[in-house]
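Take a look at the structure below.
The values are calculated or read from the model by the stated rules, or taken from the named source; none is laboratory data. As the structure is a prediction and not an experimental result, all values here were calculated from the model. Cβ coordinates were reconstructed from backbone atoms using ideal geometry, including for glycine residues, and neighbour counts include every protein chain displayed.
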């Protein structure tokens, strides 16, 4: 489907199709040429893992019931440490420090580590970034630079077109 709809931007040589098994791979290998498309590189998950030196990984063949029970028993106490966090940079400028990311996650330490806790931490970081942008927007030079962006650039960056701040907003 992607090759058909994105034929101007996707070249088969730049795409690897990982299939669950050889039967599916052979099917794709026959279907795309029938649609007038060239085949990408096609390999099975097992072949990919073998090529990476990770034979048997990701196939559930190496996980027995006892191992899965042990994982379930330990997952509730799983925690991240400082080495699991890194600075978030945009154009080589740090916008969120690693310790800030960890602090946002720890703010919700009463929840188990998982999707819900991570989502709350992300929302907390977004709020901090929005506050930072709002503070920067009140700086006259930054405000002028933001207003110099075209409407489409403003929408792409901020999700909306910016309105100039009036004197009361600049003073606040």
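Pull up the stretch 93-112, narrow it to residues that are more than 18 Å from the chain's Cα centre (by Cα) and in a loop (DSSP other than H, G, I, E, B), then point me to the one that is surrounded by the fewest Cβ atoms within 10 Å (Cβ to Cβ).
Here the residue is 110.
Is there any pair linking a residue in the stretch 143-167 that is within 24 Å of residue 127 (Cβ to Cβ) to one that is in a loop (DSSP other than H, G, I, E, B) and modelled with pLDDT of 80 or more, with Cβ under 8 Å and at least six apart or on different chains, and which?
These pairs meet every condition: 154/160; 154/161; 155/161; 157/149; 162/149.
Testing residue 84 on (1) under 30 Å from residue 127 (Cβ atoms); (2) at pLDDT 85 or above; (3) more than 23 Å from the chain's Cα centre (by Cα), one condition comes back false. Which one is that?
(3)
Residue 14 is checked against (1) within 30 Å of residue 157 (Cα to Cα); (2) over 23 Å from the mean Cα position of the chain (by Cα) and fails just one. What number does that condition carry?
(2)
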